[in-house]
Amino acid sequence: MGNTFGKAFSITTWGESHGPAIGVVIDGCPPGLELTETDIQLELDRRRPGQSEISTPRQEEDRVEILSGVFEGKTTGTPIAMQVRNKDADSSKYDIIKNMPRPGHADYTYQMKYGIRDHRGGGRSSARETIGRVAGGAVAKKILERHGIEILAHVVELGGIKASPVQVDEIKANVESNPVRCADPEAAKTMLERVKQAREDKDSIGGIVEILALGVPPGLGEPVFDKLDCDLAGALMGIGAVKGVEIGSGFASAAMTGSQMNDPFEMRNGKVVCSTNNAGGILGGISNGEIIVCRIAVKPTPSIARSQKTVDMSDLSETNITIEGRHDPTIPPRIVPVAEAMTALVLADHLIRAQSYTK
Ligand SMILES: Cc1cc2nc3c(=O)[nH]c(=O)nc-3n(C[C@H](O)[C@H](O)[C@H](O)COP(=O)(O)O)c2cc1C
């Protein structure tokens, strides 16, 4: 039913925005991995709204509880269940969307598919569902860490404002130092003003987030239907508000020639490496040892405080809707930890699958 992701290392997320709790069940985690609630909490705190002047002022505490699969600080190899209790939920603000679907949101399609939906806080289509992904991703990151693999994401474009290209060290140093999570401090300032303007205009803006996976060895990915790029694209596209995914040179590669696009091989310190990385670290669906580079296009937040046309589904009359609730004026800064989590889940899954080969 689409609530489970991954094959050898999988997560099943459950829960709705204003239900009693929301969470995840992780299956396939190797035994003996040191894991505490603090490991998970650190990532959930990065995901949580209400942390900066440009995220929704909802104050969600989001304290994680590990319910199973961990004994004396180590994973046991059995399913790990985790939950976060839902608090600070003012459902009355959502009465308006019970019968009137928000343009750009999932209200209409959920209603048409299931004939019933928990409209409070957006129900299952709410960004609170990403709590389960981020909690699962935190475990995946710990597995990857043991193999020297690190995932970083940063905002490279917001409301049409582009950041200058940055080095990995600059991403590490700068990304958490400004509310837009952009590693170029100058562009970050302009982006911040653009977000404030959008909010004043009762509108929202979108942007682009880049995700890098460092230290991935050659050989991850299962051709032909579970190619690494295929799974990464699915994982990232499965995040709400993502409307495009590209790997390496992505859409720009369509305008390149073969001699421009191909990454020549060379020897460096006794290792085969590529002198460029237009492939984004993946060839034939298999990692080639270079940095894996993905970018996602994130649309503007659908819930805006402007009057928009919609239909009252109770009598099919045309009407207007203005969303008064507390919403993010822009999603890319908040999507950064979610995109890292989904990338980590894919890589942990493929790492574990790759270990089943005997060469
Ligand atoms: C981290 C994150 C935060 C989001 N915040 C909001 C929000 O405050 N208001 C809103 O209307 N949509 C928000 N969204 C987007 C909706 O969840 C998404 O647009 C909706 O589920 C419809 O899915 P689609 O855009 O993929 O078609 C957020 C998404 C993510 C991933």
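The values are calculated or read from the model by the stated rules, or taken from the named source; none is laboratory data. Please read these numbers as outputs of a predicted model, since none were measured by experiment. Cβ atoms come from the backbone with ideal geometry, glycine included; neighbour counts cover every protein chain shown. Note: areas computed on protein heavy atoms with side chains; ligands, DNA, RNA excluded. Shrake-Rupley method; radii C 1.70, N 1.55, O 1.52, S 1.80 Å.
A few comments on the model shown:
- Accessible carbon and sulfur surface of segment 88-156 relative to its total accessible area, %, 1.4 Å: 51 percent
- FRET efficiency for Leu67 and Leu214, using Cβ-Cβ distance with R0 set to 25 Å, rounded to 0.05: 0.15
- Were the residues from Thr76 through His147 laid out at 0.36 nm apart, the gain over their Cα-Cα distance would be 23.6 nm.
- Surrounding net charge for Asp231, when Lys and Arg each add one and Asp and Glu each subtract one, Cβ distance under 11 Å: -1
- Between segment 11-63 and segment 149-227, the Cα center-to-center distance that results, in Å: 21 Å
- Distance between the pseudo-spin-label points of Met313 and Asp201 (7 Å out from Cα toward the beta carbon): 3.0 nm.
- Cα-based equivalent ellipsoid of segment 18-141: semi-axis lengths in Å, sorted from largest, via gyration tensor: 31, 17, 11
- For the chain, alpha-carbon Rg over 2.2 N^0.38 Å: 1.02
- Solvent exposure of segment 309-353 amounts to 33 Å² per residue of accessible area, where only protein heavy atoms count and the probe is 1.4 Å.
- Entry comment: accessible area of segment 152-219 is 46 Å² per residue, from protein heavy atoms only and a probe of 1.4 Å.
- Translational diffusion of segment 264-316 was estimated from the Stokes-Einstein equation, with Rh taken as the Kirkwood radius over Cα pairs; at 37 °C and 0.692 mPa s the coefficient is 208 µm²/s.
- Cβ-Cβ distance of Ala305 and Asn277, R₀ of 35 Å, FRET efficiency by 1/(1 + (r/R0)^6): the value works out to about 0.25.
- Each Lys or Arg adds one and each Asp or Glu subtracts one; over the other residues with Cβ under 14 Å from the Cβ of Val272, this totals -1.
- Rg [Å, one decimal], Dmax [Å, integer] - segment 215-359, C-alpha atoms: 20.6, 72
- Secondary-structure-derived ellipticity at 222 nm for the chain, considering helices only, amounts to -8000 deg cm²/dmol, per-run term -39500 (n - 2.57) for DSSP H runs with n ≥ 4.
- Its relative contact order, with pairs defined as Cα atoms under 8 Å and 6+ residues apart, puts the chain at 22 percent.
- In this rough spin-label picture, where each label sits 7 Å from Cα along the Cβ direction, the Met267-Phe225 distance is 4.2 nm.
- Förster radius 41 Å - calculated FRET efficiency between Met237 and Ile96, Cβ distance, rounded to 0.05: 0.90
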